[in-house]
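Everything below concerns the one structure shown next.
The values are calculated or read from the model by the stated rules, or taken from the named source; none is laboratory data. On a predicted model such as this, the values are computed, not experimentally measured, just so you know. Neighbour counts run over all protein chains shown; Cβ positions are idealised from the backbone, glycine included.
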Amino acid sequence: MRILKIEGGNGHFCANGEEFVSIDKLDKDSLLKLVELALTQEVEMDDYDSETLKNEAHRIIYRSVHKKLQELVARKDEFFDKSEREFYEIYENYKNS
Amino acid sequence: MKKVDFHIHTIPSVRDADFVFSMDTLTRYVHERSLDAIAITNHDLFDLSQFIQIDKQIDVPVLPGIEINMQSGHLLVIDNPDRLDDFQEKADKIRAIIKTVEDHVTFEKLTEIYGDLGEYLIIPHYQKKPAISGDELNLILPYISAAEVDSPKKFVRMWNDTNQTTPVLFSDMRIKENLTKFSSRSTYIDCGELAVKKIKACLRDKTKVFLSPLDGNKLFEALPNGQMISTGLNVILGGRSTGKTVTLKNIAEQMYDPLHIEQFDLVQKEEELDKRLFEEAVTRDKSHVEENHLLPFKDVVDRVLSIDLAENEKEVSDYVDSLMKSASESALRDAFSNTAIFDETTFPVSSDDTLKALIRSTQQLVENVEYRKIIEKHIDRSQLRKLACELIEERWRQEDEIRQKAVVNSLIGEIKQALDMKSAVAPISPVDLYRITLDKIRIERFTEIVNLLKCEKDIYDETIQDFRVVAKRGPFRGAQELHDKLARQASFTPAYRVYENPYQYLQELKCISALPNTEIYKYFAKIDYKILNNDGAEVSGGERSEFRLLQKIKRATVHDILLIDEPESGFDNIFLKTNVNQIIKDLSKTVPVVIVTHNSTIGASVGADYLLHTSKEYKDGKAIYKIYSGYPTDTYLTSLDGSNIENYSSTINALEAGVDAYKARSEFYENIKN
């Protein structure tokens, strides 16, 4: 699903899978939802482009969010790797016995 | 009876200090210790070619074996010598798994490699470190016919316990070059043919397994030359320079954990120094009283240590100032300050310790062996496992959420900083009012607790024979007392000035570099110890020695053996008779005791189970040291070379300076009486 897009010179995000909202309305709860989506779903994001993004405040927010979400997508597997987790051995032992 | 040692190392592994194997040492060991069979059990490996050489060289049966590092401890696996290639192949598989000291073999892997474990002689470390325990022991239990211990004391205790399996005691020695002192640990088994099947049948019957060839478990070999002593109470007698103290030291060397009270060890040498050292020793010895009493308070201090009230106040003040400023600048708001994230706060992030504790508790319920029957009576173990899994899943879910929030928080910080740079409006300072309020309440509670802690109270009272140890709690009465407690260069004067304000006092203590944060909790209330005698008065020099002796002896039960060299050197006969003798006799029922003495109050009245008489004799102008031994009722005491001495005359010589002196003393007392 597409979660970040640039349209009409402004940045937009979609945290609920339905509607896009202007990126200047992004708060911490929406941002947490975007992080979760990036880590759990196949997501698409428009690349950051300072030419098409006319609004300077949007540029600041879009660039940081886009960069961070891209990093998370790349390290998705590592993020949820349970083998290094606390209690992993007990869990495996109990689950299989 | 066959004397066996089925735990011998001949090759260093990752678990051993390096050593060079010597066939000569092994030959001497087997010969001097008169062993009837041995097993070669190196850590996680078996070397067929070396085994064949040993088997050729040693003229008693040699069994192939391996000591495997399991998850919880060590396990001996011993086989018949008729399928060595197969044993080598299996050992190689173990070796492939164990490459470092951290590696181990699971029970599943063990059975996968060895197949039916019933075909082997399986002996776990049991009352010996590292011991096989917990679930792993339960899995191995059906295959074992004996379990290894590390001292005669544990052997006897286990042998006498009908619920326990048969104990065995082996040397666990590294057979290296130039080894002169051998281990005296071995086991006697009443077994005809030394084949694995026969040995197993024999080991399963406790009445065929003993510490000595003729005296059951009443005696054991305490010295490598075969010298036996009692598993109860032994008295060593003998003239000056006949080797009594050396014998005691040699016995101590054979034990993993002896308690050896040397001659004059406990006697006062210099009044003032002795008094100070005694008080320090009692305080140190009773340090667990202080720690146990203050442990809950330590947790309180640990939480309060990180609270910075001044910083909290500054945070609130900065927040209010920035809020006022922002209100006054509302007209200046721009595209940057109008974004939602500009005024956004971060997520509070904290880990749920309760859930972690709950997982640990559930794990304990699943894995506890001691109370398993009671637990399983009420809760199904498979349900407990499922509960543990679900709690762990919930823990991981929370951890994921925390990590995601941490990502969001750092992103918010980064974006806000960039927006602040561009905006004309000053940002609102962050503040965590919840935490700040909680900190304030914590300090109030902390103050209440410290004030309660300073109230005077007796917190400990223990009676040891005729003495009482009393611990009293109260406030520190000056900076000097704080300084004395630390016993290092530091000034407590600034701290003591604010002693009445616990939070400020804590801040001052934090500034004392010589005082580690982990010890700060001990500096709020003082714990004083006093040792009082029967009359409630402080103890004298002689009483201090007596107290120390009783304290030491009392601790002997946790050791493998108690060795005391001439206790009469510092104590009067009344004390020895009324206090020491009975304690020693009682102790010897649970731990072997050896006393060296010249004193008739001990030697003749303590009720020895076994007598050893040391003697220096001359042969061809050369001094030779011998030990004659036997039961107190024996007419003769016998040495290892078969020679003997009369029990009566040697004992009366050692304790009473001979028959004539004894008679003269008796007459003297009769005359006084008359």
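The table that follows gives values for the structure above.
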quantity	calculated
Residues (assigned to a helix (DSSP H, G or I), within 9 Å of chain B (Cβ to nearest Cβ) and in contact (Cβ under 8 Å) with a residue 24 or more places away in the chain) located in region A:41-62	A:A57, A:H58, A:I61
Among the residues listed as B:T614, B:T651, the single one being in contact (Cβ under 8 Å) with a residue 24 or more places away in the chain, part of a strand (DSSP E or B) and among the hydroxyl-bearing types (S, T, Y)	B:T614
Subset tally (residues that are closer than 17 Å to B:M1 by Cβ and modelled with pLDDT under 95) for region B:222-231	1
Filtered residues of region B:308-359 (kept if closer than 30 Å to A:S22 by Cβ and of a type in the set (A, V, I, L, M))	B:L323, B:M324, B:A327, B:A331, B:L332, B:A335, B:A340, B:I341, B:V349
Per-region count, region B:404-457, residues assigned to a helix (DSSP H, G or I) and within 14 Å of chain A (Cβ to nearest Cβ)	19
Checking B:D5 against (1) of a type in the set (D, E, K, R); (2) buried (at least 18 other Cβ atoms within 10 Å of the Cβ); (3) more than 26 Å from B:S145 (Cα to Cα), the condition it does not meet	(3)
Identity of the residue in region A:63-87, at pLDDT 90 or above and within 10 Å of chain B (Cβ to nearest Cβ), that ends up farthest from B:E108 (Cα to Cα)	A:R63
Residues within region B:179-194 that are within 22 Å of B:H9 (Cα to Cα) and either in contact with a Leu (Cβ under 9 Å, 6 or more places away or on another chain) or crowded, with 22+ Cβ neighbours inside 10 Å (or both), tallied	7
Counted residues, region B:198-228 - those being under 28 Å from the mean Cα position of the chain (by Cα) and in a helix (DSSP H, G or I)	0
Given (1) farther than 26 Å from B:A406 by Cβ; (2) without any contact (Cβ under 8 Å) to a residue 40 or more places away in the chain; (3) within 13 Å of chain B (Cβ to nearest Cβ), number of the condition A:L26 does not satisfy	(1)
Elements of type helices (runs of 4 or more DSSP H) contained in region B:80-179, each with 3 or more residues being within 28 Å of the chain's Cα centre (by Cα) and more than 29 Å from B:N217 (Cα to Cα)	B:134-140
Failed item, numbered, when B:S545 is tested on (1) outside any helix (DSSP H, G or I); (2) over 30 Å from B:K129 (Cβ atoms); (3) in contact (Cβ under 8 Å) with a residue 60 or more places away in the chain	(1)
In region B:336-349, the residues that are surrounded by fewer than 16 Cβ atoms within 10 Å (Cβ to Cβ) and either facing chain A (nearest Cβ under 7 Å) or out of contact with any Pro (no Cβ under 9 Å at 6 or more places or on another chain) (or both)	B:N338, B:P348, B:V349
Where a residue in region B:149-169 is touching a residue at least 12 places away in the same chain (Cβ under 8 Å) and its partner, wherever it lies, is surrounded by fewer than 17 Cβ atoms within 10 Å (Cβ to Cβ) and among the acidic types (D, E), with Cβ under 9 Å and at least six apart	B:D150/B:D257; B:S151/B:D257; B:T166/B:D205
Region B:311-335, subset among the basic types (K, R) and surrounded by 14 or more Cβ atoms within 10 Å (Cβ to Cβ), residue nearest to the other protein chains (Cβ to nearest Cβ)	B:R333
Any hit, region B:243-259, residues being at pLDDT below 95, part of a loop (DSSP other than H, G, I, E, B) and more than 25 Å from the chain's Cα centre (by Cα)	yes
Filtered residue count, region B:73-122, keeping only those that are touching a residue at least 60 places away in the same chain (Cβ under 8 Å) and under 15 Å from B:P142 (Cβ atoms)	4
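Residue-by-condition table, conditions (1) buried (at least 16 other Cβ atoms within 10 Å of the Cβ); (2) at pLDDT below 95; (3) not small (G, A, S):
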position: B:A604; (1), (2), (3): yes, yes, no
position: B:D620; (1), (2), (3): no, yes, yes
position: B:S629; (1), (2), (3): yes, no, no
position: B:D641; (1), (2), (3): no, yes, yes
position: B:I652; (1), (2), (3): yes, yes, yes
position: B:V659; (1), (2), (3): no, yes, yes
position: B:A664; (1), (2), (3): no, yes, no
